[in-house]
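Worksheet: the structure to be examined is printed underneath.
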Amino acid sequence: MSDLQIISVALGNRSYDIEVGAENLEHIGSFLTTFQPISTAVILTDENVIQHGYAHRVAESIAETGIDVHLLSIAAGEQSKTIETATTLWETLLEEGIDRKSVLISVGGGVVGDLGGFIAATYARGIRFFQVPTTLLAQVDSSVGGKVGIDLPKAKNMVGAFLQPLGVLIDTKTLQTLPENQYRSGLGEVVKYGVSLDAKLFQFLEANIEKINIRHVEILKQIIADCCRIKAQIVAEDEFETAGRRVLLNYGHTFAHAFEIQSHFTLLHGLAVSIGSICAARLAVRAGLVNEIFLKRQIRLHQALGLPTEMPDGVDRKQTIELMRHDKKTEFGKLRFILPTDIGSCRLVDDVDLRLLECEL
Ligand code: GLY
């Protein structure tokens, strides 16, 4: 096993560690035993992750510690993040005698993480939860910070809760089997951190394009640890996204959610974020917040990393604006956007002139 990086999310008695390594999946057993007593470990995974053996490796490592393990698998994809799947899972947990001393461990991508966390937050009024993210998107974003939930047909992640995990274990080796489009989707979120929150990360990405494109393990470990550090800091400052900086993690997301819904969730989240953040950057140029040089530099990085920059086919202008009105960031009926002000910085803007937006779409 190569060196591990440990990042702490400082949240008082709900603080936890994120372990970032390579070939460290088998570490899960000893990581979990620090949270004994545990009556049962319920592993939630999906049919793709099962195929690569990751969920079984996690199960074996936990079983070696003497903890009883149950393995549940759902269909892969955003279509599973529904109340119907949640109901099936609640009923299964009940049938299998899962009690409040159990821990639910999500092994997989964002869907398994968000849905697993939602089940853990609600079953028996709450059981403990652990994240083992196996996609780049989940490793850099969705597994950290405690946002869990399911989708409504017209609004992604609209029903949910905040439930911080006991810990997050990231094995970057799992990225070697990730399909190309899923990998690029994760890079959409990585670039988001650089453009909107951390100029050093942005420069690091620009300087390491070839290595990123061939999934160089050590470079990825560094990038993932950096993204987790940025997110951990923001979550510690503003856990519930109230008056603080957490909303800034949503650069490109107001547009992205509207695109995802119109594609019936066939457009992967990080790819939607990639396009959405270019739309936000163009809007920022029109609003006079950044110049064309900024925009070109961002587009260059997206293109070098194989990320989309143009509006997806089938997107309707009016419907996009309508869907954006339902975004969770909307307050008092006002559309709110995270717009860049420079490389590595951004701000929340809630007085965007709708005419600028219409030019944009
Ligand atoms: N993905 C944004 C957040 O966790 O706040």
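Beta carbons closer than 8 Å, at least 6 apart along the sequence or on distinct chains, pair a first residue in the stretch 270-282 that is without any contact (Cβ under 8 Å) to a residue 60 or more places away in the chain with a second that is crowded, with 24+ Cβ neighbours inside 10 Å and not in a helix (DSSP H, G or I) for I275/G252; G276/G252; I278/G252. Selection of the stretch 70-91 for residues being closer than 16 Å to V103 by Cβ and surrounded by fewer than 17 Cβ atoms within 10 Å (Cβ to Cβ) yields only L71. Listed by first and then second residue, the pairs with beta-carbon distance under 6 Å, at least 6 apart or on different chains, first residue in the stretch 128-140 and modelled with pLDDT of 95 or more, second among the hydroxyl-bearing types (S, T, Y), are Q131/S106; Q131/S143; P133/S143; T134/Y54; T134/T174; L136/Y183; L137/S185.
Quick check on my filter: what residues within the stretch 230-240 are buried (at least 18 other Cβ atoms within 10 Å of the Cβ), more than 10 Å from the ligand (Cβ to nearest atom) and in contact (Cβ under 8 Å) with a residue 60 or more places away in the chain? Quick ask: steps written out before the conclusion?
Going through the stretch 230-240, the residues buried (at least 18 other Cβ atoms within 10 Å of the Cβ) turn out to be 230-232, 234-235, 239.
Filter once more, so that each one left must be more than 10 Å from the ligand (Cβ to nearest atom): 230, 232.
Within the stretch 230-240, just A232 meets the criteria.
Counting residues in the stretch 142-149 that are within 11 Å of the ligand (Cβ to nearest atom), surrounded by 24 or more Cβ atoms within 10 Å (Cβ to Cβ) and hydrophobic (A, V, I, L, M, F, W, C) gives one or more. So which residues in the stretch 247-289 are within 21 Å of K154 (Cα to Cα), more than 13 Å from the ligand (Cβ to nearest atom), assigned to a loop (DSSP other than H, G, I, E, B) and in contact with a helix residue (DSSP H, G or I) (Cβ under 7 Å, 6 or more places away or on another chain), if there are any at all? Residues satisfying the conditions are F265, L267, L268. A residue that is in a helix (DSSP H, G or I), within 21 Å of G146 (Cα to Cα) and touching a strand residue (DSSP E or B) at 6+ places or on another chain (Cβ under 6 Å) occurs somewhere in the stretch 64-81. On the given criteria, is F337 within 16 Å of the ligand (Cβ to nearest atom), touching a residue at least 12 places away in the same chain (Cβ under 8 Å) and either under 23 Å from D141 (Cα atoms) or touching a Cys at 6+ places or on another chain (Cβ under 8 Å) (or both)? Taking the combined requirement at face value, the residue satisfies it.
Among residues that are within 16 Å of the ligand (Cβ to nearest atom), in contact (Cβ under 8 Å) with a residue 12 or more places away in the chain and in a loop (DSSP other than H, G, I, E, B), G160 is not included. If the condition is being within 24 Å of P37 (Cα to Cα), touching a residue at least 60 places away in the same chain (Cβ under 8 Å) and away from the ligand (no atom under 16 Å from the Cβ), then the stretch 103-127 contributes V103, L104, I105, V107, I119. For the stretch 173-198, residues that are touching a Leu at 6+ places or on another chain (Cβ under 8 Å), over 21 Å from I338 (Cβ atoms) and hydroxyl-bearing (S, T, Y) total 2.
Quick check on the stretch 121-136: of everything there that is out of contact with any Phe, Trp or Tyr (no Cβ under 9 Å at 6 or more places or on another chain) and surrounded by 21 or more Cβ atoms within 10 Å (Cβ to Cβ), which residue is farthest from R245 (Cα to Cα)? Out of the qualifying residues, it is I127.
The values are calculated or read from the model by the stated rules, or taken from the named source; none is laboratory data. Nothing here was measured: the structure is a model prediction, and the numbers come from that model. Neighbour counts run over all protein chains shown; Cβ positions are idealised from the backbone, glycine included.
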